[in-house]
1. Just for strands (runs of 3 or more DSSP E) wholly inside segment 1-91: which have at least 2 residues that are over 30 Å from SER105 (Cα atoms) and in contact with a strand residue (DSSP E or B) (Cβ under 6 Å, 6 or more places away or on another chain)?
2. Given the conditions (1) in contact with a helix residue (DSSP H, G or I) (Cβ under 8 Å, 6 or more places away or on another chain); (2) touching a residue at least 12 places away in the same chain (Cβ under 8 Å); (3) assigned to a helix (DSSP H, G or I), and given that GLN412 satisfies all but one, which numbered condition is not satisfied?
3. Could you count how many residues in segment 239-269 are assigned to a loop (DSSP other than H, G, I, E, B) and more than 11 Å from the chain's Cα centre (by Cα)?
4. Among the numbered criteria (1) out of contact with any Lys or Arg (no Cβ under 7 Å at 6 or more places or on another chain); (2) outside any loop (DSSP other than H, G, I, E, B); (3) farther than 19 Å from TYR315 by Cα, which one does TYR429 miss?
5. Checking ILE218 against (1) touching a Lys or Arg at 6+ places or on another chain (Cβ under 8 Å); (2) open to solvent by 20 Å² or more (accessible area, probe 1.4 Å); (3) over 30 Å from ASN340 (Cα atoms): exactly one of these is not met. Which one?
6. Could you tell me which of the residues THR388, THR400, THR428 is polar (S, T, N, Q) and open to solvent by 40 Å² or more (accessible area, probe 1.4 Å)?
7. Hey, can you tell me all the residues within segment 136-151 that are assigned to a helix (DSSP H, G or I) and open to solvent by 10 Å² or more (accessible area, probe 1.4 Å)?
8. State all residues of segment 108-135 that are in a helix (DSSP H, G or I) and either surrounded by fewer than 17 Cβ atoms within 10 Å (Cβ to Cβ) or touching a strand residue (DSSP E or B) at 6+ places or on another chain (Cβ under 7 Å) (or both); if no residue qualifies, say none.
Amino acid sequence: MIKKTPANNSVAKLSINNKTYSFPIYKASEGNDVIDITKLHSLSGYFTYDPGFTSTASCKSNITFIDGDKGVLRYRGYDIEALSKNSNFIEVTNLLIYGDLPNKSQLKKYHTLISSHTMVHEQILKFFNGFRRDAHPMAMMVGVMGALSAFYQDSLDIHDPHQRMTASRRIIAKASTIGAMTYKYSIGQPFVQPDNTLNYSENFLRMCFSVPAERYKISPILAKAMDTIFILHADHEQNASTSTVRLAGSSGANPFACIAAGVASLWGPAHGGANQAALEMLETIGVKRNIPLYIKKAKDKNDPFRLMGFGHRVYKNYDPRAKILKETCKKVLNHVGFKNDPILEVAMELEKIALKDDYFIEKKLYPNVDFYSGIILRAIGFPPEMFTVIFAIARTAGWTAHWHEMIEDPVQKIGRPRQLYLGKKKLTYGKKRSSKNTR
Ligand code: SDX
């Protein structure tokens, strides 16, 4: 429900060519109020122009709140610090989708429902055989998540709430099984079936690291670290991949197709691919004495190099997720005996220097969630190519929650942005050809 403007009915006025237009202002429950410009084009003939949507709200939402200046992140009103300390990933997926924390019996029922979907159709195992062994795990994740619509036709009808919920549970449950399969396939080991006696994170670690020849012992510290990473990556408001899922969903595409679109968007190094890129950057820097060279490159306008794992479109203060992961990182490295991990030493030194450097302070570039997640995942035993797969598994919670919210929004319509056209005016088709056309 949109809260109309305060009693004084404040509106935004816009004057164009001596005509003044008024647009309603909607009050946010927290954060930025918005100006409703839906009638701008019909009234004035103008579009707004906002590449990258830096000042544009694409929708109204009750799911996640971020305050970039204060470094605040809340899922359905709960601070991420409290959730990562007291909750678990399955409970957080329930909170994001249903809007409130479940009671004990609701959570038990929900967990049983999710667990009943952890296995995948047997034909999907054959599906993997079409990939080369050196395929990037995200290439397999995009393909297989989209292909689920070919296997689960009884949960494709987006107008049936029961089918929508079944699809969401299948997506969340099967994402970790499929994610683990992409890892096993890439290292030539047999797939490991899920074990529903374990919790979500324990199950994922077991499906990734157990082998038939040996008994697999779950490490509570690594399982807790895995669960913290899943919780922290579960949702993040209208980021690029979530906006992709919403846009795909607005055309009426089936839920599995929408999630596959989200996986594809997340893969980019400026978004979910940054954790892999951040670790590869730390490995390229190698030792502390090389850091100043890379800081210089990051500041050089003519050098495309950026410090991966730094900066954020919204957080112009420290990413609260990075703060939590920094503590998790120390626990995991102690546990696995990487006390003097050179990569962590480079990471800590890079963070220290960047936080004191005028360029980074002026541009408000702080470590983001991807800076520490890569180091933790590497310490747990994952190769960098698996980092974004793990991000995608976690983000299925937010993607499905936003997908439900978009479909249930009575004013929702197909997303169809406009443009500022700067191309050629009308030409007549004829013999004249441009000499500039080099094919
Ligand atoms: C995620 O949206 C989300 O919520 C995403 C996410 C989620 O949970 O879904 O939080 C997950 O994607 C985290 C971000 C991971 N990406 C990286 O770590 C890649 C490195 N970071 C940058 O590419 C960049 O900071 C972005 C993409 C994250 C944000 O870019 P913006 O907000 O569009 O900022 P910008 O590119 O306009 O940069 C502003 C200035 C520029 O300098 P000027 O043109 O003003 O002179 O800061 C500079 C940039 O050159 N800058 C950097 C930098 N990031 C920005 N300079 C060096 N290193 C960097 N990392």
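1. 11-16, 19-26
2. Only one criterion in (1) in contact with a helix residue (DSSP H, G or I) (Cβ under 8 Å, 6 or more places away or on another chain); (2) touching a residue at least 12 places away in the same chain (Cβ under 8 Å); (3) assigned to a helix (DSSP H, G or I) is unmet by GLN412, namely (3).
3. So the first thing to find is which residues in segment 239-269 are assigned to a loop (DSSP other than H, G, I, E, B), and the list is 239, 251-254, 267-269.
Remaining after also requiring more than 11 Å from the chain's Cα centre (by Cα): 251-254, 269.
The total comes to 5.
4. Single failed check for TYR429: (2).
5. (3)
6. Details: THR388 fails: open to solvent by 40 Å² or more (accessible area, probe 1.4 Å); THR400 fails: open to solvent by 40 Å² or more (accessible area, probe 1.4 Å).
THR428 is the lone residue from the list that is polar (S, T, N, Q) and open to solvent by 40 Å² or more (accessible area, probe 1.4 Å).
7. Taking segment 136-151 as the starting set, the residues that turn out to be assigned to a helix (DSSP H, G or I) are 137-150.
Selection gives ALA139, VAL142, GLY143, GLY146, ALA147, SER149, ALA150.
8. LYS108, LYS109, THR112, LEU113, GLU122, GLN123, LEU125, LYS126
The values are calculated or read from the model by the stated rules, or taken from the named source; none is laboratory data. No experiment lies behind these values; they were computed from the predicted model shown. All Cβ positions, glycine included, derive from the backbone under ideal geometry; neighbour counts span all protein chains shown. Each accessible area value is taken on the protein alone, full model and side chains, heavy atoms only, with ligands, DNA and RNA left out. Shrake-Rupley method; radii C 1.70, N 1.55, O 1.52, S 1.80 Å.
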